[in-house]
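Below is one structure; the comments refer to it alone.
The values are calculated or read from the model by the stated rules, or taken from the named source; none is laboratory data. Keep in mind that this is a model prediction, so the values were computed, not measured. Neighbour counts run over all protein chains shown; Cβ positions are idealised from the backbone, glycine included. Only protein heavy atoms, including side chains, enter the accessible area calculation; ligands, DNA and RNA are left aside. Shrake-Rupley method; radii C 1.70, N 1.55, O 1.52, S 1.80 Å.
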Amino acid sequence: MAKKLWGGRFSKKTDPLVEEFTKSIQYDHKLAKYDLLGSIFHVRVLEKAGYLNKGEADKLEQGLGDILRILKNKSFQVGASDEDIHTYIQNLLQKKVGDLALKLHTARSRNDQVVFSTKLYCKNAIRDTKGCIGELISVLLGLISRNAGIIIPGFTHMQHAQPVYLKDYLFVYAQMLSRDTERLENIGQRLKITMGAGALAGTPIEAGKYAIEAGKLLKGEFKFIGERFDIEATVNSLDLVSDRDFVIEIVGALSLVATHLSRLAEDLIIWSTKEFDFVEVDEAFCTGSSLMPQKKNSDVLELIRGYSGRLYGNLVSVLTMMKGLPLTYNRDMQLDKEPLFNSFEIVSSELKVLTGLIATLKFNAAKIEEQLKDESLYATDLVYYLVDKKIPFKNAHTIIGKLVKYSIDNDISIKDMPESLFRKFSDKLIKKEIVKLLDPLVSVKSKKSIKR
Ligand code: ARG
């Protein structure tokens, strides 16, 4: 193993199995640029506090900047033998600037470093995810406007219920996704970037020296942080190193995004079956079968449905990991990163592929229209018709229930029933008025409670 950030107290070599078991660099290397940025701020704090002179601070900042450039040019190699990304950067810095690097860890601990970099990672990833959600919403709105006139059977319990506009149905998903955006935005805004916890008890540096208008300090390649943010001293160092609420909240919010995408995927899977045939998923977004030559499968949608399980697993994993931890930092908390990164990565790939799939969907208006011939879809409208004729709702409901049952039992459609037959159910039922109500457009237009 490469040089550790600890070891003075130990006389024995660490067992290689322990090194392998405890290291996190295989995933926390994703925090590299955020950790570097944190180190640059820390250098300036150390300078303000008198632990570094200007020349030393500049040299360290230069070294950290060089490391970021190496990382950006993709020649960044994670040393598999380093314990974690914080150790890796420290060791690399020492190679670049010599023993001056040994001063960098003054008044700080990986316990606060890891929170700092994870929070910045989250701020950035939230911004990117919001961007992907925005793109999906805009293709959904395009799909809605291209199919604005289509009416579909609405379902409850997966049974025909009442006709509804396809645009309203699809807009549900746009609304779910905008609530997701707000939720993520809200969490992002509450993510306070604080420093000065040390390992847990605070540091000898005065709180005021930690106040940094980070936005102003960001130069060149360090401008990768999208949002302006300020750094403050912590008001409770014990909380700073113990808190993983933000990870849980974010993985929770991402789980909800995954739920919404899964429901949309499920609707499209059902609608694209031969039995429904409401919609055609473009070939570019389908896959075939190795055995059955005719198959055009919705594997993309099925994976979106399936991945929601991963997201929930990630949420349960971080919740369970935290629930029994005494204050303050415990190594268990290292295990928050894989579920966090994985949740962001899955959701963003789902959003991207779904954006392409939605943009190319084609609705089959003729097939949908066939389904609208089912007269049971208009039964509720017939009840309202009788209510308008002063029949109490409960009685009207029973009358129309009997009419529908008669139609099913005798295999005769309502519109083909003779005028005289209607009298058997109610003398208020006038055939030519009723037939006009068996119409999808009349049905949707009669719903006045929806603000349009
Ligand atoms: N890799 C660790 C993590 O992700 C960093 C903190 C290690 N701190 C310690 N005291 N061992 O949580």
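For the stretch 159-223, the set of trypsin sites (Lys or Arg not before Pro) satisfying both a DSSP loop assignment and a count of at most 11 other C-beta atoms within 10 Å is given as Lys219.
Think of it as helices only: each DSSP H run of n ≥ 4 in the chain is worth -39500 (n - 2.57), and spread over all residues that comes to -19000 deg cm²/dmol at 222 nm. Its alpha carbons give the stretch 328-452 an Rg and a Dmax of 25.5, 82 Å. Distant-in-sequence amide contacts of Asn364, defined by a placed amide H-H separation under 5 Å and a gap of 5 or more residues or a different chain, comprise Val279, Glu280. Residue-wise HN-Hα couplings along the stretch 31-44, as the Karplus relation 6.51 cos²θ - 1.76 cosθ + 1.60 with θ = phi - 60° gives them from phi, are 8, 3, 5, 6, 5, 4, 5, x, 5, 5, 5, 4, 4, 5 Hz; Gly and Pro carry x. For the stretch 379-387, 3J(HN,Hα) computed residue by residue from phi via the Karplus equation (6.51, -1.76, 1.60; θ = phi - 60°) reads 4, 5, 5, 5, 4, 4, 4, 6, 4 Hz, glycine and proline entered as x. The alpha carbon radius of gyration of the chain, expressed as a multiple of 2.2 N^0.38 Å, is 1.38. What's the long-distance tail for the stretch 242-283, i.e. % of Cα pairs beyond 16 Å? Here the tail beyond 16 Å accounts for 54 percent of pairs.
Stokes-Einstein diffusion for the stretch 66-210, with the hydrodynamic radius set to the Kirkwood value over Cα pairs and evaluated at 4 °C in a medium of 1.567 mPa s, equals 65 µm²/s. The residues of the chain present an accessible area of 51 Å² per residue when probed at 1.4 Å with all protein chains retained. Only lysines eight or more places from Lys48 in sequence, or on another chain, were considered; those with a Cα closer than 21 Å are Lys59, Lys103, Lys209, Lys216, Lys219. Converting phi to 3J(HN,Hα) with the Karplus coefficients 6.51, -1.76 and 1.60 and the offset θ = phi - 60°, the stretch 146-162 yields 6, 10, 4, x, 6, 10, 10, x, x, 10, 10, 6, 6, 10, 3, 10, 9 Hz in sequence order, with x at every glycine or proline.
Taking a ≥ b ≥ c as the square roots of the eigenvalues of the alpha-carbon gyration tensor, the stretch 150-255 is classed prolate because a/c is 1.5 or more and a/b outweighs b/c. For the stretch 275-319, the Kirkwood estimate of the hydrodynamic radius, built from every pair of different alpha carbons, is 12.8 Å.
The magnitude of the dipole of the stretch 23-169, with charges of +1 and -1 set on the Cβ of Lys/Arg and Asp/Glu and taken from the Cα centre, is near 240 debye. P(r) tail for the stretch 118-198: Cα pairs beyond 18 Å make up 58% of the total. For the residue pairs Lys192/Lys352; Lys424/Lys448; Lys405/Lys451; Lys167/Lys402; Lys295/Lys367, the C-alpha atoms sit more than 26 angstrom apart in Lys192/Lys352; Lys424/Lys448; Lys405/Lys451; Lys167/Lys402. Given their separation in residues at 0.36 nm each and the Cα-Cα distance between them, Ser413 and Thr22 gain 133.6 nm when the chain is fully extended. The aspartates and glutamates whose alpha-carbon is closer than 17 Å to the alpha-carbon of Lys389, local same-chain residues fewer than 8 away aside, are Asp381, Asp427, Glu433.
Put simply, the C-alpha atoms of the stretch 86-139 give a gyration tensor, and the ellipsoid matching it has half-axes of 36, 13, 6 Å, longest first. Pull up the cross-link candidates among the aspartates and glutamates for Lys54, meaning alpha carbon to alpha carbon under 17 Å and not fewer than 8 places away within one chain. Output for Lys54: Asp99.
The charge dipole of the chain, taken about its Cα centre with unit charges on the Cβ of Lys, Arg, Asp and Glu (plus for the first two, minus for the last two), comes to roughly 780 debye. Using the Cβ-Cβ distance between Lys296 and Leu141 with R0 set to 35 Å, the FRET efficiency works out to roughly 0.85.
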